[in-house]
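> One structure is given below, represented as structure tokens, and several questions about it will come after.
The values are calculated or read from the model by the stated rules, or taken from the named source; none is laboratory data. Predicted, not measured: the structure shown is a model, and the values here were computed from it. With ideal geometry, Cβ positions are generated from the backbone for all residues, glycine too; neighbour counts draw on all protein chains shown. Accessible surface areas use protein heavy atoms only, side chains included; no ligands, DNA or RNA. Shrake-Rupley method; radii C 1.70, N 1.55, O 1.52, S 1.80 Å.
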Amino acid sequence: MKRTAGNWDSTDKGLYFVANVQSEMAENAKTTDYLLVALNEITAPYERVLDEWIAQGKKGFIDSGVFNLASEHARKYGVSHNVGLGMAPDDIDGFDDLLDKYCSVLGRIGDKCWGYIEIDVGGRDNKIKTRNRLEALGLNPIPVYHPLIDGWDYFDELASQYDRICVGNIVQASIPVRRRIIRTIWERRQAYPGLWIHLLGFSPNQLMISYPMDSCDSSSLSALTRWPITAGI
């Protein structure tokens, strides 16, 4: 069993990480100790902020920045975001720069934060190649499983090898499909005692009560920071 990097506690379950952008970090850090930050948001000043969070005992969860990478590629070439996500690393603009930053930042703080997510671009085979490359460099990211495209055999492959798995792109499915996916994940994980499941971009709701997962993240809690209520309205 491969242990993914970070200072996480497997007994501390039911966690909700608030997704951040730079403009929200200071306010969000006042309300919660569980903070998700994408790598593209960690510029030099905010890397120091992240260091301060960690020193204060806050749980920093680092996203790879792939969503932003795919978005930038999609805007530049006039294609959909999903096309960008499916591009092989050698074919998507900015991948090498992202990889360099990923290795630099997480090589320094990877074991101090709660954990970090693999660079999940290019589909199943490319994810495996990139993860192998990172592991060879001494980095141990959390793998990402995409239930809409990866196949359930890949879930079992990851579940049998790693202590944590992130599940991505559920929010792109319809509510009935989303419900079936989460129920199937909950049922299949029973074969892997101790496996931690994190739902990416998923706000806590009644499904999390019926089929409890270990953690999730979204930007919902920061809504008042992004869209403050104006006095008198």
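Rundown of residues vs (1) polar (S, T, N, Q); (2) open to solvent by 10 Å² or more (accessible area, probe 1.4 Å), yes/no style:
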residue: LYS112; (1), (2): no, yes
residue: GLY115; (1), (2): no, no
residue: ARG124; (1), (2): no, yes
residue: ILE128; (1), (2): no, yes
residue: ASN132; (1), (2): yes, yes
residue: GLY138; (1), (2): no, yes
residue: PRO141; (1), (2): no, no
residue: HIS146; (1), (2): no, yes
residue: ILE149; (1), (2): no, yes
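> Among the residues of the stretch 1-19, are any on the phi > 0 side of the Ramachandran plot and free of Cβ contacts under 8 Å to residues at least 60 places away in the same chain?
Checked the stretch 1-19: no residue is on the phi > 0 side of the Ramachandran plot and free of Cβ contacts under 8 Å to residues at least 60 places away in the same chain.
> So VAL37 clears everything in (1) among the β-branched types (Val, Ile, Thr); (2) in contact with a strand residue (DSSP E or B) (Cβ under 8 Å, 6 or more places away or on another chain); (3) surrounded by fewer than 17 Cβ atoms within 10 Å (Cβ to Cβ) except one condition, right? Which one?
(3)
> Read through the list (1) more than 30 Å from ASP96 (Cβ to Cβ); (2) open to solvent by 10 Å² or more (accessible area, probe 1.4 Å); (3) at pLDDT 90 or above; (4) not acidic (Asp, Glu), then give the number of the only condition that SER203 fails.
For SER203, the failing item is (3).
> I would also like to ask the following. Pairs please, first residue from the stretch 165-176 and surrounded by fewer than 13 Cβ atoms within 10 Å (Cβ to Cβ), second anywhere and small (Gly, Ala, Ser), Cβ atoms under 8 Å, 6+ apart in sequence or on different chains.
Once the first residue is surrounded by fewer than 13 Cβ atoms within 10 Å (Cβ to Cβ) and sits in the stretch 165-176, its partners that are small (Gly, Ala, Ser) give VAL171/GLY201.
> Are any residues in the stretch 83-97 surrounded by fewer than 20 Cβ atoms within 10 Å (Cβ to Cβ), under 15 Å from ASN40 (Cβ atoms) and among the small types (Gly, Ala, Ser), and if so, which ones?
Taking the stretch 83-97 first, the residues surrounded by fewer than 20 Cβ atoms within 10 Å (Cβ to Cβ) are 83, 86, 88-91, 93-94, 96-97.
Among the residues that remain, those that are also under 15 Å from ASN40 (Cβ atoms) are: 93-94, 96-97.
Scanning the stretch 83-97 gives a single hit, GLY94.
> Has the stretch 40-51 got any residue that is outside any helix (DSSP H, G or I) and either open to solvent by 40 Å² or more (accessible area, probe 1.4 Å) or closer than 17 Å to ASP217 by Cα (or both)?
Taking every residue of the stretch 40-51 in turn, at least one turns out to be outside any helix (DSSP H, G or I) and either open to solvent by 40 Å² or more (accessible area, probe 1.4 Å) or closer than 17 Å to ASP217 by Cα (or both).
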